[in-house]
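Engineer: Please see the structure below; I have some questions.
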Amino acid sequence: MPTQKDDGRYELDPEDGLRRAIVGDWAPEKHLRLQKYVDITRAVRRKFGGNATYIDLYCGSGRARLRKTGEVVEGSALVAATEAMRGRNPYREVIIGDLDPVNVEACEARLNRLRVDNVRAYAGTAEDVATRILPTLHPTGFNLAFLDPFNLESLPFQVIQTLSQAKSMDLLIHVSIMDLQRNVRTLMASGKLNSFAPGWDKKINSAATNPKLVMAVFEYWRSLLSQLGYLVSDNIERVTGNRNQPLYWLVLASKHDLADKLWGEVSQVEPQGRLVL
Ligand SMILES: C[S@@+](CC[C@H](N)C(=O)[O-])C[C@H]1O[C@@H](n2cnc3c(N)ncnc32)[C@H](O)[C@@H]1O
């Protein structure tokens, strides 16, 4: 029996005996954007004849308690799958993955309990799981991948590169600006930044001030997505913490223009020109 209480991030959920995460109170904001995007892309799923797949490569355990308020909330995969099931055009399949097998097991059990059809679950790094699932996706289907790592170190660009090989793959990506702000120089020195943003060292002046460096890395990362044929929405959802400190940005990338328009309708728009840390 795996231990359910590690490093204060998890506890047992008395309701179902499975692991749940203990998270910051801003998590519902992230889920709300995901939920709205799943809702607003209903017609797109219909257009693809129902061949739509939701992919969550950092799925967590599927349930969490907010640290401050104590409120218990569903995890991203449950939010997305149940929103799609509400009304027509649910996902034909839901793919979940997480590095931690206990999370994968809990998330899968919770999706099954909600009677979500065709759940496929994988334990492994996002990089590994992306490679495993790519050949199994419907060749002309519509996919939405939600990438929600704790930090940038867990988001190698290779994950995006692999997913981008699918014909239609919208990406909703959580970029931890807090992590970038705090650790950009350490990430540079250790070589780990190269995994998130390969080739940054040839394009970015590492002697720049911290805020300039953070913006330069972010913009460079966006340019890498563009090189893969992605339109990266200028509408970046900027989420701040209780003390108004920047926590993360939600970035939508897609290969079709409509996605940008739809995301603009559901995100709390922060035009790129005004993006500040
Ligand atoms: C922010 S949590 C995910 C929360 C979940 N998306 C939600 O909203 O309910 C990040 C998750 O990433 C997992 N993780 C960490 N490193 C990973 C990696 N390299 N590949 C895949 N999952 C990873 C962690 O175990 C954790 O469950």
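The values are calculated or read from the model by the stated rules, or taken from the named source; none is laboratory data. Just so it is clear, the structure is predicted and the values come from calculations on it, not from any experiment. For neighbour counting, all protein chains shown are included, and Cβ atoms are generated from backbone atoms with ideal geometry for every residue, glycine included.
Engineer: Considering only helices (runs of 4 or more DSSP H) fully contained in the range 154-248, which possess at least 2 residues that are at pLDDT 90 or above, under 25 Å from Lys68 (Cβ atoms) and within 17 Å of the chain's Cα centre (by Cα)?
Structural biologist: Those helices (runs of 4 or more DSSP H) span 177-190.
Engineer: Let me ask something else. Take Gly60 and decide whether it is of a type outside the set (Lys, Arg), in contact with an Asp or Glu (Cβ under 8 Å, 6 or more places away or on another chain) and crowded, with 22+ Cβ neighbours inside 10 Å.
Structural biologist: Yes, satisfied.
Engineer: A follow-up question, please. Quickly run through the range 1-22 and pick out the residues that are of a type outside the set (Gly, Ala, Ser) and at pLDDT 95 or above.
Structural biologist: Tyr10, Glu11, Leu12, Asp13, Pro14, Glu15, Asp16, Leu18, Arg19, Arg20, Ile22
Engineer: Do we have any residue at all in the range 123-130 that's crowded, with 23+ Cβ neighbours inside 10 Å, within 16 Å of the ligand (Cβ to nearest atom) and in a strand (DSSP E or B)?
Structural biologist: Among the residues of the range 123-130, not one is crowded, with 23+ Cβ neighbours inside 10 Å, within 16 Å of the ligand (Cβ to nearest atom) and in a strand (DSSP E or B), which makes the answer no.
Engineer: When both residues are 6+ apart or on different chains and their Cβ atoms are under 6 Å apart, which pairs have a first residue that lies in the range 92-107 and is under 23 Å from Pro135 (Cβ atoms), and a second that is more than 8 Å from the ligand (Cβ to nearest atom) and hydroxyl-bearing (Ser, Thr, Tyr)?
Structural biologist: Listed by first residue and then by second, the contacts come to Glu93/Thr53; Val94/Tyr54; Gly97/Tyr122.
Engineer: Scanning the range 131-153 for residues that are of a type in the set (S, T, N, Q) and within 14 Å of the ligand (Cβ to nearest atom), which turns out farthest from the chain's Cα centre (by Cα)?
Structural biologist: The extreme case among them is Thr131.
Engineer: Gly87 - would you say it is in contact (Cβ under 8 Å) with a residue 24 or more places away in the chain, surrounded by fewer than 18 Cβ atoms within 10 Å (Cβ to Cβ), at positive phi and not aromatic (Phe, Trp, Tyr)?
Structural biologist: For Gly87, the condition - in contact (Cβ under 8 Å) with a residue 24 or more places away in the chain, surrounded by fewer than 18 Cβ atoms within 10 Å (Cβ to Cβ), at positive phi and not aromatic (Phe, Trp, Tyr) - is met.
Engineer: Which residues, counting only those in the range 27-51, are farther than 15 Å from Thr82 by Cβ and either within 11 Å of the ligand (Cβ to nearest atom) or not in a loop (DSSP other than H, G, I, E, B) (or both)?
Structural biologist: Selection gives Ala27, Glu29, Lys30, Arg33, Ile40, Ala43, Val44, Arg46, Lys47.
Engineer: I need every pair where a residue in the range 145-163 that is at negative phi and surrounded by fewer than 22 Cβ atoms within 10 Å (Cβ to Cβ) has its Cβ under 8 Å from the Cβ of a residue that is in a loop (DSSP other than H, G, I, E, B) and of a type in the set (D, E, K, R), sequence separation at least 6 or different chains.
Structural biologist: Glu153/Lys192
Engineer: With (1) touching a residue at least 40 places away in the same chain (Cβ under 8 Å); (2) more than 9 Å from the ligand (Cβ to nearest atom) as the list, and Thr82 as the residue in question, which single condition is left unmet?
Structural biologist: With (1) touching a residue at least 40 places away in the same chain (Cβ under 8 Å); (2) more than 9 Å from the ligand (Cβ to nearest atom) applied to Thr82, the lone miss is (1).
Engineer: Which of (1) within 16 Å of the ligand (Cβ to nearest atom); (2) outside any strand (DSSP E or B) does Ala64 not meet, given it meets every other one?
Structural biologist: It is condition (2) that Ala64 fails.
Engineer: Next up: Quickly run through the range 249-277 and pick out the residues that are outside any helix (DSSP H, G or I), out of contact with any strand residue (DSSP E or B) (no Cβ under 6 Å at 6 or more places or on another chain) and modelled with pLDDT of 80 or more.
Structural biologist: Those that are outside any helix (DSSP H, G or I), out of contact with any strand residue (DSSP E or B) (no Cβ under 6 Å at 6 or more places or on another chain) and modelled with pLDDT of 80 or more: Lys255, His256.
Engineer: Read through the list (1) surrounded by 13 or more Cβ atoms within 10 Å (Cβ to Cβ); (2) farther than 18 Å from Leu147 by Cα, then give the number of the only condition that Phe218 fails.
Structural biologist: (2)
Engineer: Taking the range 17-26 as the region of interest, how many residues are in a strand (DSSP E or B) and small (Gly, Ala, Ser)?
Structural biologist: Residues meeting the conditions: 1.
Engineer: In addition: Name the single residue that is farthest from Arg92 (Cα to Cα) among those in the range 63-75 being of a type in the set (A, V, I, L, M) and surrounded by fewer than 24 Cβ atoms within 10 Å (Cβ to Cβ).
Structural biologist: Here the answer is Leu66.
Engineer: On to the next question. Considering (1) among the β-branched types (Val, Ile, Thr); (2) out of contact with any Asp or Glu (no Cβ under 8 Å at 6 or more places or on another chain); (3) surrounded by 13 or more Cβ atoms within 10 Å (Cβ to Cβ), say which one Ile236 fails and leave the rest.
Structural biologist: (2)
Engineer: Turning to a different aspect of this structure: Within the range 154-183, can you find the residues that are more than 30 Å from Asn89 (Cα to Cα) and more than 12 Å from the ligand (Cβ to nearest atom)?
Structural biologist: If the condition is that a residue be more than 30 Å from Asn89 (Cα to Cα) and more than 12 Å from the ligand (Cβ to nearest atom), then Phe157, Ile177, Met178, Leu180, Gln181, Arg182, Asn183 are the ones that fit.
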